[in-house]
Amino acid sequence: MKHFGLNLVESPMDGLMLLEPTVHGDARGYFMETFKSEGQDLIWKQDNESMSHRGVLRGLHFQRPPHAQAKLVSVVQGSVYDVVVDLRTDSPSYGKTYGSVLSSINKRRLLIPAGFGHGFLTLEDHTIFQYRCSEGYAPEFEGCIAYNDGSLAIDWLADSGLTPADLQLSAKDQKGIAFATFESPFMGPDFQTA
């Protein structure tokens, strides 16, 4: 089954999809489609790119309605441990997390529906991370769940070779709110619309 021109690897939660391209390679290099809009309902409004060094942790970020964002994320260079948490109160997976390694080697992408918190830990220096967003950045609607919230039990460091002392976070990400005190605006089928 194809989504955005990519092959579905798994769909661990409703709407969340781990995807990978078909790579055509030979002695000269490779070619792959990274996105195709044909037959898709989502309209992408903004593309972003960040470069981070090993040990940088960004997240768990989200934007509230009416600027809630779906994202299609990938790694161009290096690797990350990418994590999401379902913030949709009417979802059977509300409060559940999912993590996967995305890298320039495996070329996998994660399609994240609106209503999820998202973050990643950079596993290599000079990692370049790209994300396509269904809504533009709206700072007055952004939020952050604490990356180290015990109730979410995210094992950021598993198989990374990193220690807690290696983690580098922005001041904003160090002040993420506890999941237990989070009042989700993501409820009902139309939460992402104005």
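The values are calculated or read from the model by the stated rules, or taken from the named source; none is laboratory data. Quantities reported herein were computed from a predicted structural model and do not represent experimental measurements. Cβ atoms come from the backbone with ideal geometry, glycine included; neighbour counts cover every protein chain shown. SASA here: full protein model, heavy atoms, side chains in, ligands and nucleic acids out. Shrake-Rupley method; radii C 1.70, N 1.55, O 1.52, S 1.80 Å.
Scanning region 106-147 for residues that are closer than 28 Å to P92 by Cα and buried (at least 18 other Cβ atoms within 10 Å of the Cβ) yields a total of 23.
In this structure, does V80 turn out to be in a strand (DSSP E or B), under 17 Å from F179 (Cα atoms) and open to solvent by less than 30 Å² (accessible area, probe 1.4 Å)? No; evaluated as a whole, the condition is false for this residue. Under the condition of being out of contact with any strand residue (DSSP E or B) (no Cβ under 7 Å at 6 or more places or on another chain) and either touching a residue at least 60 places away in the same chain (Cβ under 8 Å) or open to solvent by less than 70 Å² (accessible area, probe 1.4 Å) (or both), the residues counted in region 148-157 number 3.
Under the condition of being outside any strand (DSSP E or B) and under 11 Å from the mean Cα position of the chain (by Cα), which residue from region 59-77 is nearest to R108 (Cα to Cα)? Per the stated criteria, the residue is A70.
Just one of S160, S103 is under 26 Å from N7 (Cα atoms) and in contact with a strand residue (DSSP E or B) (Cβ under 7 Å, 6 or more places away or on another chain); which is it? On inspection, the qualifying residue turns out to be S103.
Across region 1-10, the qualifying residues are those that are of a type outside the set (A, V, I, L, M, F, W, C) and under 22 Å from F129 (Cβ atoms), and the one among them that is most open to solvent (accessible area, probe 1.4 Å) is E10. Condition check for D173 on (1) part of a helix (DSSP H, G or I); (2) exposed (fewer than 15 other Cβ atoms within 10 Å of the Cβ): one failure, at (2).
The strands (runs of 3 or more DSSP E) located wholly in region 1-55 that include 1 or more residues which are of a type in the set (D, E, K, R) occupy 6-13, 16-20, 24-26, 46-52.
Consider D41 carefully, then state whether it is open to solvent by 80 Å² or more (accessible area, probe 1.4 Å), out of contact with any Lys or Arg (no Cβ under 8 Å at 6 or more places or on another chain) and of a type in the set (D, E, K, R). Taking the combined requirement at face value, the residue satisfies it.
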